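Take a look at the structure below.
The values are calculated or read from the model by the stated rules, or taken from the named source; none is laboratory data. Not measured: the values here are computed from a predicted model. Here the Cβ is made from the backbone with ideal geometry for all residues, glycine too, and neighbour counts use every protein chain on show. Please note that ligands, DNA and RNA were not included when accessible areas were found on the heavy atoms of the full protein model with its side chains. Shrake-Rupley method; radii C 1.70, N 1.55, O 1.52, S 1.80 Å.
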Amino acid sequence: MKKLTLNDEAKRAIRNGICLLDGKHFSDQLLTDDWAHLYAKDGTFLAQAYFSKQHKGVGWVVSKQLMTVDQTFFEGLLLQAWHKRRAYHQSEHTTAYRIFNQDGDGFGGLTIDYYQGRLVFSWYNAFVHSLREQIVAAARAVLPDIVAGYEKIRFQGLEFESRQLFGPAGMDRLTIRENGVAFEVFLNDGLMTGIFLDQHEVRGLLVDGLARGKSVLNMFSYTAAFSVAAAMGGARATTSVDLAKRSRDLSRAHFEANQLDVSDHRFVVMDVFEYFKYAKRHQLVFDLIILDPPSFARNKKQTFSVAKDYHLLVSQSLEILSEGGILIASTNASNVTLEKFKQQIEKGFGKRKPVYLETYRLPDDFQINKKDESSNYLKVVTIRA
């Protein structure tokens, strides 16, 4: 096991509770897939960690004490995490949610989602993937009623995205419930499952009446989960816009699962900025617009970054939003603070002043590291124009 002496900046980060290791503190030759003991310059032990490159960071602090990480260790973590979600286990209205969320539950680089008796493990780096047998065995020991498991490999190429780990064939497509609404999900088809579980509180707003009687525009709609929630909450019409052709069929499946007549609901395959132009040409106006783009996107004509370009979505939306209409602005960009996100929103409003109604962060099943703001990546605000 490596023994590393940290500079003062890295030491402060760890003592302040940051678990994600920043690459700027370590030389590349150290960043192998292995455990390490971290020390201060005076020889004081700081933490046990592992190094493994991933999308963000180069590894994770696992413990401030020396310990053996084995199946028993993971069983303890998973049991604690499971008990924290007790309210979800007892719900008849929501049957899919997160049961383990990285450093919020004590081990960065790993998430586990529960889909009505099935588990979906997501590995974010090669080292945690190398521990998968211990982790899966721990989950099956702690949760014996699980019928099947799947993995999402999020650090390799497209050909390694998804695989079934255990359970009989044919368990990967099912209808789950969230806030009483039915959603069709697919657990072994690429990295996605048909629904982003971290948005269940926001969809709950729509189900509970925020969209009642309104015309709703859902941009970057993916499988139109927001639109279905709005329709179930009494929206008189929804329009779902996404550039991916596959999104149309996936969206219809959600509507059909709830026996919703799609005659008042449109599914548009189009770039969102092109749709803004289309809507203005045809003098379309909406009462509620949902903006939930990817953090970064690129097509043949342009690139889009939440940190720099979100204001463009806001300004374009205001041109087709009814007087007194509501904007739901959302981002999952961990590098954009809530303050910077609001700055982008206010830039989009120009001389007008947004009226912030509510702010939402990650729901309780997505446990966070309270010492690290970046772990609470979701930022959603409802705004009255």
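General remarks:
- Compactness of the chain, expressed as Rg and Dmax over alpha-carbon positions, Å: 22.0, 70
- Summarising the amide proton neighbourhood of L119: residues at separation of 5 or more, or on other chains, whose placed amide H is nearer than 5 Å comprise A148, G149, Y150.
- The stretch 286-359: radius of gyration over Cα atoms, expressed as a fraction of 2.2 N^0.38 Å: 1.08
- Bridging of K347 to aspartates and glutamates at a Cα separation below 18 Å is possible for D292, D309, E319, E339, once same-chain residues fewer than 8 apart are set aside.
- Look at the dipole of the chain built from charges on Cβ: of A47, A211, G325, the Cα furthest out on the positive end belongs to G325.
- The label point for T44 and the one for E358, both projected 7 Å from the Cα toward the Cβ, are 4.4 nm apart.
- Accessible surface of the chain, 1.4 Å probe, proportion on carbon and sulfur as whole %: 48 percent
- With loop membership from DSSP and a limit of 12 other Cβ atoms within 10 Å, the longest segment of the chain without GluC sites (Glu not before Pro) is 93-318.
- Descending principal axes extents, the stretch 1-133, alpha-carbon based, whole Å: 54, 24, 24
- Couplings for the stretch 327-337, taken from phi via the Karplus curve 6.51 cos²θ - 1.76 cosθ + 1.60 with θ = phi - 60°, read 10, 9, 9, 9, 8, 10, 6, 6, 8, 10, 6 Hz in order; Gly and Pro are left as x.
- Between D22 and R177, the contour length at 0.36 nm per residue exceeds the Cα-Cα span by 52.0 nm.
- Estimated 222 nm signal from helices in the chain, with DSSP H stretches of n ≥ 4 weighted -39500 (n - 2.57), rounded to 500: -7500 deg cm²/dmol
- Whole-number Å³ per residue for the convex hull built on Cα positions in the stretch 85-206: 113 Å³
- 3J(HN,Hα) along the stretch 252-259, derived from phi through the Karplus expression 6.51 cos²θ - 1.76 cosθ + 1.60 where θ = phi - 60°, amounts to 4, 4, 5, 4, 5, 5, 9, 6 Hz, with x in place of Gly and Pro.
- Shape class of the stretch 119-180 from the alpha-carbon gyration tensor: oblate, with a/c at 1.5 or above and b/c at least as large as a/b.
- Placing +1 on the Cβ of every Lys and Arg and -1 on the Cβ of every Asp and Glu, with no other charges, gives the chain a dipole of roughly 1060 debye about its Cα centre.
- Kirkwood Rh (inverse of mean 1/r, distinct Cα pairs), the stretch 151-275, angstrom: 15.2 Å
- Restricting the stretch 277-382 to trypsin sites (Lys or Arg not before Pro) that sit in a DSSP loop and have at most 16 other Cβ atoms within 10 Å of their own Cβ leaves K300, K301, K351, R352, R361, K370, K371.
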